[in-house]
Amino acid sequence: MRTLLFLWVILLSPSTSAADFQQLLQLIDYIGVDYGEAVAYGEIISPGEFAEMQDFSQGIAQQLNDLASGEHKTQLIEQGQQLIALIEAKAESAVVRALTADMRLAIIKNYRVTVIPRKVPQLERGAQLYQQDCASCHGLSGDGLGLQAVGMEPAPINFLDKARYAQRTLYGLYNTVTQGVPGTAMGSYHEMSTEDRWALAFYVGQLAIDESDYAGARERLADPDLAPLLDVQTFSVTTPAEAGSAYGPGGAAMMAWLRANPQSLFNTESPLMFSRHRLDDVREAYHKEHYGTAYRLAVEAYLEGFELVEPGLNAVDSKLRLEIEQAMTGLRNQIRERVGSADLDASIIHIKGLLDTASERLHERSLTGSAAFASAFFILVREGLEALLVVAALVAFLVKTEHRANVRYLHFGWIGALLAGVATWWVSMSIIEISGASREITEGVAALLAASIL
C-alpha cells in the first residue's frame with residue numbers, strides 16, 4: 001500500500017516543476033540510502049524493501065521523462081534506466097549509491113535547483129521542533145524508540161545510526177520533512193516555515209555526531225583542500241561518506257563540524273545568491289498567479305542583488321553583465337505579458353545559470369583580504385592628500401591676503417566635514433536602510449547636489 005500510494009502521487013504529476021524536483025531528489029536519495037537494506041552480496045535480504053526499490057526506480061524514470069527538454073535530459077534518462085537495471089541485477093549498494101549521487105548532483109547543477117537555507121539554521125529551534133513533532137516516534141534522543149513507535153511499520157528512523165548518517169544529505173532530510181513519506185506515519189510538514197524545516201533537518205542531521213568525529217576540524221576551516229565543503233550548496237547535497245571519499249578523513253571531520261556548527265557556513269549572503277533566492281520567490285508567486293508580487297520580486301532580484309555586483313562584473317566581463325541585465329529585463333517583461341509558467345521557469349533557469357557564471361568570473365578576479373585592504377588604503381591616502389592640498393592652498397591664500405583670523409573658520413569647515421561624513425556613515429548603517437531602489441535615488445540626489453555646489 002505504501003509503495004502504491006507513493007507511485008500514485010508521482011505518476012499523477014504531468015510535468016516536473018520546481019516543487020517536483022524536491023520529490024524527485026527525495027526518491028533518488030531514498031534509494032541511495034535504503035538500497036543496502038534490500039540487497040547484500042547480490043542477494044535479496046528484504047523482499048519488501050527490494051520491491052520498493054524497484055517501484056521507486058520506475059517512478060524516478062517517469063519523472064525524468066517529464067523533465068524539461070534539454071541537453072542534460074537524455075543523459076539523466078539513461079542514468080534512470082541504468083538505475084533500474086542495477087536494481088534488477090541486485091548490484092552492490094556502493095554502485096547504486098554512486099549512481100544516485102551522480103544523478104542528484106546532475107539535476108541540481110543542470111536545472112539550477114536551489115538547495116540551501118537562506119539563513120543560519122538554528123539548532124536550538126530545531127531541537128524545540130523535534131521535541132514537539134518528532135520525539136514521540138523517533139525517541140527523545142533520536143534512537144527511533146519513541147512511545148508511539150511500538151508496532152509501527154516501518155519503524156521510525158534511528159538518527160543515531162552512524163551508517164545511515166553517513167549516507168544522508170541535509171537536503172535529503174529537508175525534503176523528507178517537506179514531503180513526508182506517503183503510506184507511513186511520517187507525514188508532510190510543508191506548513192512549517194522554510195527556516196524551521198531547515199532547522200529541523202540540520203538538527204536531526206547532527207544527532208549521530210560525537211565530538212571525536214570532528215576533532216581538529218575547526219583548525220582546518222582555512223584549509224584550501226577542504227574549501228569546497230564550505231560552499232553552502234555543495235555542503236547541503238554532499239553526504240558525509242562522499243566528503244570522506246573525496247577529501248579523506250579531514251573531509252568527514254569537516255562535514256561533522258559544519259553540521260554541528262552551521263554558523264561557520266553562513267557569513268553574509270552574497271548579492272548573487274540573494275538574486276537566486278528572489279528568482280525562486282518569483283517562480284512561486286507566478287505559479288500562484290500573484291503577478292504583481294512576482295513582478296516586485298523580480299525587480300528586487302535585480303536592484304537588491306545583481307545590481308550590487310554590476311560594476312565589478314563589468315570590469316571583468318562586460319558582455320556577461322549586459323546579457324544578465326537583458327535576461328532579467330526580459331523576465332520582467334514576461335511577467336507583464338503573462339507568459340506560460342513553463343516559459344517563465346525556463347527563463348529563471350537560464351538566468352540562474354548566468355548568475356553562476358558571473359559568480360565564477362568574479363571569483364577568478366576577486367581580491368584577497370590583504371589586497372582589498374591595500375587598495376582601500378591607497379585610495380584613502382590619495383583622496384586625503386588631495387583634500388590636504390586644497391586646505392593648505394586656502395590657508396596660504398588667507399595668510400598672504402592678511403586674513404589670518406579667518407583661518408579658524410577653515411579649520412571648522414574641514415573638521416565639520418569629517419564629522420558629517422562619520423555621522424552619515426553611522427546613520428546609513430544603523431538607523432536607515434538603503435535598499436536597491438532608494439539607493440538609485442540617493443545616488444542621483446547626491447550627484448545633483450554635488451553638481452550644484454561645484
Margin query: If a residue counts only when it is outside the structural domain of GLU211 (by TED's automatic domain parsing) and within 19 Å of TYR111 (Cβ to Cβ), which helices (runs of 4 or more DSSP H) contained entirely in region 235-295 have at least 3 such residues?
Written below: 271-287
Margin query: Can you find a residue that is in contact (Cβ under 8 Å) with a residue 40 or more places away in the chain, on the phi < 0 side of the Ramachandran plot and of a type outside the set (D, E, K, R) anywhere in region 77-88?
Written below: yes
Next item on the list: For ALA327, state whether it is in contact (Cβ under 8 Å) with a residue 24 or more places away in the chain, among the small types (Gly, Ala, Ser) and in contact with a helix residue (DSSP H, G or I) (Cβ under 6 Å, 6 or more places away or on another chain).
Entry: yes
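Here is a yes/no grid of residues against (1) of a type in the set (D, E, K, R); (2) farther than 28 Å from GLY70 by Cα:
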| position | (1), (2) |
| --- | --- |
| GLY312 | no, yes |
| LEU320 | no, no |
| GLU323 | yes, no |
| GLY330 | no, no |
Check: So, in region 197-212, of the ones that are part of a helix (DSSP H, G or I) and in contact with a Phe, Trp or Tyr (Cβ under 8 Å, 6 or more places away or on another chain), which residue ends up modelled with the lowest pLDDT?
Finding: ARG197
Note to self: Is it the case, given these coordinates, that ALA101 is surrounded by 15 or more Cβ atoms within 10 Å (Cβ to Cβ) and either under 26 Å from PHE159 (Cβ atoms) or assigned by TED's automatic domain parsing to the domain that holds THR357 (or both)?
What the structure shows: yes
Checklist line | Residues satisfying the stated conditions in region 148-162, i.e. surrounded by fewer than 16 Cβ atoms within 10 Å (Cβ to Cβ) and under 27 Å from the mean Cα position of the chain (by Cα) | finding: LYS162
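Here is a yes/no grid of residues against (1) closer than 20 Å to LEU25 by Cα; (2) more than 19 Å from the chain's Cα centre (by Cα); (3) surrounded by 15 or more Cβ atoms within 10 Å (Cβ to Cβ):
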position	(1), (2), (3)
GLU124	no, yes, no
TYR130	no, yes, yes
GLY142	no, yes, yes
TYR165	yes, yes, yes
VAL181	yes, yes, yes
THR234	yes, no, yes
Checklist line | Evaluation of ARG276 against (1) free of Cβ contacts under 8 Å to residues at least 60 places away in the same chain; (2) among the basic types (Lys, Arg); (3) in contact with a Lys or Arg (Cβ under 7 Å, 6 or more places away or on another chain) (one fails), failing number | finding: (1)
Margin query: When you check ASP223 against the structure, is it closer than 27 Å to ILE31 by Cα and surrounded by fewer than 16 Cβ atoms within 10 Å (Cβ to Cβ), yes or no?
Written below: no
Check: Identify, please: which residue in region 48-85 is in contact with a helix residue (DSSP H, G or I) (Cβ under 9 Å, 6 or more places away or on another chain) and among the charged types (D, E, K, R) and is, among those, surrounded by the fewest Cβ atoms within 10 Å (Cβ to Cβ)?
Finding: GLU71
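The values are calculated or read from the model by the stated rules, or taken from the named source; none is laboratory data. Everything numeric here is computed off the predicted structure, so don't read it as measured data. Cβ atoms come from the backbone with ideal geometry, glycine included; neighbour counts cover every protein chain shown.
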